[in-house]
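Here the structure is laid out as structure tokens; the discussion comes afterwards.
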Amino acid sequence: MRLKHNRPSHSNYYLITQFTITDFKLRYSHSILGYLWSLLNPLLLFGVLYFVFSVFMRFGGIEHYQIYLLSGIILWSFFSETTSSGMMSLMTKSSLLNKVYFPRIIIPLSSTLTNTITLLLNMVVLSVFVAVAKVDAHPTVFFAVITLIELVVLSMGVSLLLSSFYLKFRDLSHIWGVFLQLGFWATPIIYPVDIVPAKFHILFKINPMARLIHNFRMVLVMGEMPGYRNVFFNFIMVAMVFVCGIVVFQKRQKYFAEWL
Amino acid sequence: MNGIIELDHVSKIYKIPHLKTDNLKTYLLHLRKMRKKEIFYALKNIDLKIGPGQFIGIIGRNGSGKSTLLKIISNIIVPTTGEVTVRGKISPFLELGVGFNPELSARENIYLYSAILGLTKKQILDCYSDIIAFSELEKFIDMPVKNFSSGMLVRLAFSVAIQSNAPILLVDEVLAVGDAPFQEKCFNVFRDFKENGKTIVFVSHDMDSVANFCDRVFYLKKGEEMAAGKPEEMINRYQKDIGVH
């Protein structure tokens with residue numbers, strides 16, 4: 001079987017931005033209030049967890065626990081929402097898949113980018129909290145940007161993997177939902193790493209989300225730069241997931257229209 | 001640029017498992033049953049060559065593989081065997097307005113749909129006023145398209161699609177919805193396209209338009225190409241087979 005499709009001047013960038021902006025508009029139904037509603041969920045989670053873990057039980061020794069908690073929640077909920085909606089993204093655009101050709105990878109990519117806009121808005125909210133909590137400004141904050149980019153690329157890779165399997169195995173959404181629940185507690189989001197016995201620390205080392213969240217807090221709150229080995233290892237991990245996602249996706253994409 | 005389509009011994013085989021599933025649980029529970037498959041030829045050994053400026057009709061009964069053929073040409077599905085060569089961009093008129101979002105206004109949908117059809121931002125801005133003029137929907141341009149009638153939707157989509165400037169057009173029974181004056185307008189556009197050397201593949205059950213427009217007709221029967229030839233001849237054979245006349 002050989003295919004030669006010669007398709008010049010297909011404007012893929014324009015299509016990505018169109019999909020991204022349209023989805024964003026639709027999600028927040030054309031209103032700024034729409035975005036505020038979407039903030040309600042992570043803020044409520046933050047409020048409840050903050051109350052439970054700083055009033056009922058106390059984790060000693062965490063500087064600026066509210067920032068520690070909120071940054072963890074924002075980063076984790078980005079990962080969780082991006083991968084869940086990315087998984088469904090091909091399905092929600094199924095009518096297009098069946099009728100028009102364009103590079104399929106545009107769909108999960110723009111789905112991730114839509115969530116990235118929300119992430120950036122959430123970062124504004126976080127910086128308000130940071131200002132109110134009077135966290136010292138550290139020059140290391142620029143590294144937080146790199147961490148966020150890694151987070152976006154990681155979520156993109158996972159979305160590519162999930163979406164390409166979801167068409168064939170629809171119960172993947174349940175499995176992934178359970179996995180995310182587990183991940184929330186297996187990642188130091190609400191608790192500090194040092195209350196966990198050392199023999200479990202391996203869990204955090206192989207968990208890219210734990211590593212990214214840890215680095216993010218380190219540069220934001222403590223003003224410390226992560227070590228070279230840490231940076232290198234994160235980069236490799238994220239790149240591996242992303243490349244794996246692209247390869248698997250491209251291999252499976254030609255059958256998407258048949259699996260719908 | 002000129003559009004060329006070549007299909008060389010193209011077959012599309014669908015393997016239909018005895019047990020069809022879209023979830024992992026059933027798949028794992030019935031591994032052995034899943035492996036038993038029925039083989040079904042949607043297309044069998046199709047050869048086809050369409051050059052620039054040709055207006056080709058494809059006729060055949062439901063399920064004869066017409067849509068599969070168009071999908072293979074437009075790269076939506078891949079053939080099981082054989083070789084497909086397409087030179088030039090394709091503008092699919094397979095189902096007009098398939099990318100429309102009901103919540104968005106007509107204006108927003110124009111941008112979205114043109115991006116889906118592969119236009120660049122500059123191209124869209126250049127022809128934006130032409131699109132609106134052709135669709136005759138100036139008054140409704142900021143209205144969400146969920147309030148549009150199906151005729152209005154087709155008009156809007158068609159107006160965008162003809163701007164895509166692709167040398168190859170695939171048209172699948174899309175003109176059935178618009179009213180007579182608009183259909184006339186569409187056919188005029190197709191006539192222009194043909195004169196400008198565009199390649200058009202037209203799938204229809206409307207024998208009058210096939211006879212009117214096509215230079216050559218392929219008659220598909222159960223996924224195997226029965227014949228290719230002059231429109232009148234093919235239409236006669238088709239109508240004899242289905243028992244008209």
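The values are calculated or read from the model by the stated rules, or taken from the named source; none is laboratory data. Keep in mind it's a predicted model, so treat the numbers as computed, not measured. Positions of Cβ are backbone-derived with ideal geometry, glycine not excepted, and every protein chain shown enters the neighbour counts.
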Selection count where residues are of a type in the set (Val, Ile, Thr), modelled with pLDDT under 90 and farther than 21 Å from residue B:173 by Cβ, scope the range B:132-160: 0
Considering residues of the range A:245-259 that are closer than 15 Å to residue B:78 by Cβ and hydrophobic (A, V, I, L, M, F, W, C) only, the residue surrounded by the most Cβ atoms within 10 Å (Cβ to Cβ): A:256
Of all residues in the range A:171-206 being within 14 Å of chain B (Cβ to nearest Cβ) and either of a type in the set (S, T, N, Q) or buried (at least 17 other Cβ atoms within 10 Å of the Cβ) (or both), the one that is farthest from residue A:52 (Cα to Cα): A:172
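Show me the strands (runs of 3 or more DSSP E) found entirely inside the range B:1-118 where at least 2 residues are more than 30 Å from residue B:188 (Cα to Cα). Explain how you work it out, then say what you get.
Values: elements: B:4-17, B:37-50, B:55-59, B:81-87, B:90-93.
Once the strands (runs of 3 or more DSSP E) in the range B:1-118 are filtered for at least 2 residues that are more than 30 Å from residue B:188 (Cα to Cα), what remains is B:4-17, B:37-50, B:81-87.
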Per-region count, the range A:170-212, residues closer than 22 Å to residue A:260 by Cα and touching an Asp or Glu at 6+ places or on another chain (Cβ under 7 Å): 1
Candidates B:60, B:3 - the one that is among the small types (Gly, Ala, Ser) and either closer than 27 Å to residue A:102 by Cα or free of Cβ contacts under 8 Å to residues at least 12 places away in the same chain (or both): B:3
Total residues in the range B:43-71, condition of a type in the set (Gly, Ala, Ser), under 17 Å from the mean Cα position of the chain (by Cα) and at negative phi: 3
Any pair with Cβ under 8 angstrom, 6 or more apart, that starts in the range A:36-62 at a residue that is of a type in the set (Val, Ile, Thr) and ends at one that is part of a helix (DSSP H, G or I): A:62/A:68
Qualifying residues in the range A:108-118 (those that are among the hydrophobic types (A, V, I, L, M, F, W, C) and modelled with pLDDT of 95 or more) - the one nearest to residue A:24 (Cα to Cα): A:113
Hits in the range A:174-201 (condition: among the hydrophobic types (A, V, I, L, M, F, W, C), over 30 Å from residue A:163 (Cα atoms) and free of Cβ contacts under 8 Å to residues at least 40 places away in the same chain): A:193, A:196, A:198, A:200
Among (1) within 7 Å of chain A (Cβ to nearest Cβ); (2) under 23 Å from residue B:2 (Cα atoms); (3) surrounded by fewer than 21 Cβ atoms within 10 Å (Cβ to Cβ) - the single one residue B:103 does not satisfy: (2)
Residues being part of a loop (DSSP other than H, G, I, E, B), over 17 Å from residue B:91 (Cβ atoms) and among the basic types (Lys, Arg) - total across the range B:192-228: 1
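To keep it simple, each residue is scored yes or no on (1) surrounded by fewer than 17 Cβ atoms within 10 Å (Cβ to Cβ); (2) closer than 30 Å to residue A:252 by Cβ.
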{"site": "A:23", "(1), (2)": "no, yes"}
{"site": "A:36", "(1), (2)": "yes, no"}
{"site": "A:41", "(1), (2)": "yes, no"}
{"site": "A:53", "(1), (2)": "yes, no"}
{"site": "A:71", "(1), (2)": "no, no"}
{"site": "A:77", "(1), (2)": "no, yes"}
{"site": "A:107", "(1), (2)": "no, yes"}
Qualifying residue in the range A:89-106 (condition: within 14 Å of the chain's Cα centre (by Cα) and touching a residue at least 40 places away in the same chain (Cβ under 8 Å)): no
Lone unmet requirement of (1) surrounded by fewer than 22 Cβ atoms within 10 Å (Cβ to Cβ); (2) farther than 27 Å from residue A:104 by Cα; (3) more than 14 Å from every other protein chain (Cβ to nearest Cβ) for residue B:29: (3)
Residue, surrounded by the fewest Cβ atoms within 10 Å (Cβ to Cβ), within the range A:122-167, restricted to residues that are touching a residue at least 40 places away in the same chain (Cβ under 8 Å) and of a type in the set (D, E, K, R): A:136
Residues that are of a type in the set (Lys, Arg) and either touching a strand residue (DSSP E or B) at 6+ places or on another chain (Cβ under 8 Å) or more than 14 Å from every other protein chain (Cβ to nearest Cβ) (or both), drawn from the range B:113-147: B:139
Number of positions in the range A:13-59 that are within 14 Å of chain B (Cβ to nearest Cβ) and either outside any helix (DSSP H, G or I) or at pLDDT 85 or above (or both): 18
Residue pairs meeting the criteria (Cβ under 8 Å; at least 6 apart or on separate chains; first surrounded by fewer than 17 Cβ atoms within 10 Å (Cβ to Cβ), in the range B:195-223; second charged (D, E, K, R)): B:205/B:173; B:206/B:173; B:211/B:232; B:216/B:230; B:221/B:61; B:221/B:241
Selection count where residues are among the hydroxyl-bearing types (Ser, Thr, Tyr) and at pLDDT below 85, scope the range B:68-114: 1
Residue that is surrounded by 14 or more Cβ atoms within 10 Å (Cβ to Cβ) and under 15 Å from residue A:141 (Cα atoms), where the choices are A:209, A:237, A:222: A:222
